[in-house]
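Please treat every number below as a calculation from the coordinates, not as lab data. The shown structure was predicted, so the numbers you read here are calculated from the model rather than taken from an experiment. Positions of Cβ are backbone-derived with ideal geometry, glycine not excepted, and every protein chain shown enters the neighbour counts.
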């Protein structure tokens, strides 16, 4: 059976590649199952310091496989499976970076939004096309809406209009939109910066970024002081401060990143 998603780990980077170009990397049942399995493997791999989610073919991901969805009930459309993928990316202690050399639609945009960092070629396009086929962008809203500015979110969710990568960066969906020939250089720049962070500190910082803000600021300060003190006393912080004083990279930074 042909593999629809590939995983390769090298130089501290776990690269997960959607490889179903015949259906524009649509989220078929097979692709969803393989993607979830590879995410679990990459997250569990201590050698993988960064996860890069990318694609083969001209399209990053066209959303749910409509051929499978026609005439199907909700449970047949991966109602539980796709949220598990989005949640796994969102809550991954390992930073996840999306690399897009081509378009994303509907559920594919949900994948992009779930990632910590997203970089696309300037000619990539995006759309929340659900309303135009009579469905609701419900599941992806959980990862997309925290990223987008409110006015563009209303406009784009309700109209289904296609928008470009420059707009996607302006409204918060992407971190960076670059010419296609600069895409891999920009991805490498982010990977290098993520490699410079201590693994457990990055994981804790990701958790911090996901937290809901409590009503009481004083309670939040008290909790954050405890978190800060715990990390200052940890081996990683001691190594980081010693490296800073000695003007050398800390132990977790790859030798190729001076």
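Among 12, 180, 30, the residue with the largest mean-square fluctuation in a Gaussian network model of the chain, with springs joining Cα atoms closer than 10 Å, is 30. Between the helical axis of 235-246 and the longest alpha-carbon principal axis of the chain there is an angle of about 70 degrees.
How big is Rg to Rh over the chain, alpha-carbon atoms, Rh as the Kirkwood inverse-mean-distance radius? So for the chain, dividing Rg by the Kirkwood Rh gives 0.99. Arranged by the count of other C-beta atoms within 10 angstrom, fewest first, what order do 144, 253 take? Least to most surrounded, the residues fall as 253, 144. Per the Debye formula on identical point scatterers at the alpha carbon atoms of the stretch 198-246, with no solvent, log10 I(q)/I(0) at q = 0.18, 0.28, 0.32 Å⁻¹ is -0.65, -1.08, -1.18. Averaging the Cα positions of each part gives two centres, and for the stretch 137-188 and the stretch 216-258 these lie 32 Å apart. With contributions of -39500 (n - 2.57) from each DSSP H run of at least four residues, the per-residue ellipticity at 222 nm computed over the chain stands at -13500 deg cm²/dmol.
Within the listed set 85, 117, 133, the Gaussian network model of the chain (springs between alpha-carbon atoms below 10 Å) gives the highest mean-square fluctuation for 133.
Using a cutoff of 8 angstrom between alpha carbon atoms and counting only pairs six or more residues apart, the relative contact order for the chain works out to 15 percent.
Under a Gaussian network description of the chain, with springs only between Cα atoms under 10 Å, the residue in 100, 86, 202 that fluctuates furthest is 202.
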